[in-house]
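The values are calculated or read from the model by the stated rules, or taken from the named source; none is laboratory data. If you're wondering where the values come from, they're calculated on a predicted model, not measured in any experiment. Virtual Cβ from ideal backbone geometry, glycine too; neighbours counted across all protein chains shown.
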Amino acid sequence: MRRLTLLDSTLREGEQFSGAFFTHEQRVNIARLLDAVGVPYIEVPSPISSPETTQAIHELCSLNLRSRIIAHVRCVEADVQAALDTPVHGVNLFYGTSNELRSYSHGRPIERIITDSVPLIRKIREAGRYVRFSAEDAFRSDIVDLLMVFDAVVEAGVQRIGLPDSVGIATPRQVERLIRICAERYPDVGIEFHAHNDTGCAIANTIAAFEGGADCLDVTVLGIGERNGIASLSGIISQLYIHYPEQLNEYDLTRLMELDQYVASCLNTAIPFNMPITSAYAFAHKAGVHTKAVLSNPRAYEILDPGDFGLSRSITVGSRITGRYAVGHRAASLGLELNNDEVIRLTQALKERSERGSLSQEEVDTFILNWYQEKGNLIW
Ligand code: HCA
Ligand code: CU
């Protein structure tokens with residue numbers, strides 16, 4: 001089995017999300033929770049970014065987490081030195097290789113990218129640390145330029161090369177194809193992939209990268225990052241759980257909800273409604289056709305078992321698209337014994353009532369109990 005590793009960049013890419021600011025305490029708590037879930041790598045910002053960040057990196061390294069701390073650093077001598085002055089496990093270097101970034105960001109030719117990076121890679125290796133080099137905006141980069149840079153950095157001794165889709169432009173097929181080219185060309189180094197979500201393909205692209213030969217996938221909690229973010233940890237875990245469950249043996253999936261909730265609370269938001277696994281609605285079933293099948297066997301409409309994540313499913317009863325199985329089930333769980341005919345009549349009444357707007361679970365229960373009492377009054 002090819003071993004896959006995840007790198008969580010909530011503390012680096014995630015803090016680049018417009019709505020994010022993590023206090024010192026929050027940084028520590030997030031790192032602890034990532035460790036509790038079992039994420040192998042935690043990416044932190046460059047220590048050069050602020051004295052507080054340097055201090056936080058020192059503290060994170062002193063927690064002795066199983067997760068390894070990696071600093072994300074420009075290919076600049078002072079930045080690399082600052083990272084090596086901390087006890088981080090390794091350094092993630094990055095440098096824009098596309099025409100767009102070379103023209104409008106750093107303005108340097110390909111040759112300069114190579115001459116800047118190679119000595120720094122050697123320096124980091126000599127310091128006995130892990131080093132990765134990422135070609136920022138890899139998917140808008142000319143393939144000849146890209147491979148020229150990768151040839152040079154691999155030769156210089158990087159342990160992994162990174163191909164970020166920095167602007168979220170790639171399709172899953174393009175990702176799989178380019179990753180495969182690199183995996184075949186550089187069999188002795190790891191391949192990392194990082195997907196921005198500008199067109200909503202981050203999770204699909206990240207899985208395509210794994211299938212093309214990547215061995216390290218970047219994620220953040222809730223997918224936060226620049227603009228509308230990158231692939232979410234929960235999204236990638238949901239895909240791995242289904243298609244590559246052996247990759248999750250070392251994870252504690254029951255801690256995922258706590259992590260997502262914690263980061264959401266740091267952002268003063270709720271977990272997005274469409275977040276795989278941890279959305280409040282991820283295991284909520286509503287339409288009559290669905291609830292009937294799920295009550296008979298959850299596997300009918302659930303590919304993820306909520307129990308494996310320490311969660312439970314819910315059946316939404318108070319809507320005009322509800323069905324008699326859901327209503328009968330709810331009535332039974334309230335201790336009411338209804339025959340088939342009664343369940344059908346109760347369902348009809350509830351659907352009619354819900355035409356004016358959906359009911360909460362509490363309102364449904366009150367409605368059912370009232371209906372039952374009235375029915376009782378009629379009988380007795
Ligand atoms: C950034 C760019 C980056 C880097 C990814 C990487 C990107 O915001 O600094 O180092 O692989 O998306 O290109 O996040
Ligand atoms: Cu990014």
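Figures for the structure shown
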quantity	calculated
Boolean, residue 353 is surrounded by 15 or more Cβ atoms within 10 Å (Cβ to Cβ) and not in a loop (DSSP other than H, G, I, E, B)	yes
Residue that is farthest from the chain's Cα centre (by Cα) [pool: residues in region 230-255 that are in contact (Cβ under 8 Å) with a residue 40 or more places away in the chain and closer than 21 Å to residue 19 by Cα]	230
Residues located in region 91-110, provided they are at pLDDT 95 or above, out of contact with any helix residue (DSSP H, G or I) (no Cβ under 8 Å at 6 or more places or on another chain) and not aromatic (Phe, Trp, Tyr)	92
Filter result (among the aliphatic types (A, V, I, L, M) and either free of Cβ contacts under 8 Å to residues at least 12 places away in the same chain or within 13 Å of ligand 1 (Cβ to nearest atom) (or both)) within region 2-11	7, 11
Residue within region 38-55 that is away from ligand 2 (no atom under 16 Å from the Cβ) and touching a Phe, Trp or Tyr at 6+ places or on another chain (Cβ under 9 Å) present	yes
From the options 308, 341, residue that is at pLDDT 95 or above, closer than 29 Å to residue 200 by Cα and not basic (Lys, Arg)	308
Check on residue 14, touching a residue at least 40 places away in the same chain (Cβ under 8 Å) and within 13 Å of ligand 1 (Cβ to nearest atom)	yes
Given (1) without any contact (Cβ under 8 Å) to a residue 60 or more places away in the chain; (2) more than 23 Å from residue 36 (Cβ to Cβ); (3) within 16 Å of the chain's Cα centre (by Cα); (4) surrounded by fewer than 24 Cβ atoms within 10 Å (Cβ to Cβ), index of the condition residue 226 fails	(1)
Region 24-40 residues that are among the aliphatic types (A, V, I, L, M), paired with ones that are surrounded by fewer than 18 Cβ atoms within 10 Å (Cβ to Cβ) and part of a loop (DSSP other than H, G, I, E, B) (beta carbon under 7 Å, 6 or more apart)	31/63; 31/65; 36/252; 37/252
Filtered residues of region 107-140 (kept if farther than 20 Å from residue 12 by Cα and within 12 Å of ligand 1 (Cβ to nearest atom))	139, 140
Leading residue by the ranking (farthest from ligand 2 (Cβ to nearest atom)) among those in region 8-37 that are part of a helix (DSSP H, G or I) and in contact with a strand residue (DSSP E or B) (Cβ under 6 Å, 6 or more places away or on another chain)	31
Residues of region 280-295 that turn out to be charged (D, E, K, R) and more than 28 Å from the chain's Cα centre (by Cα), as a count	1
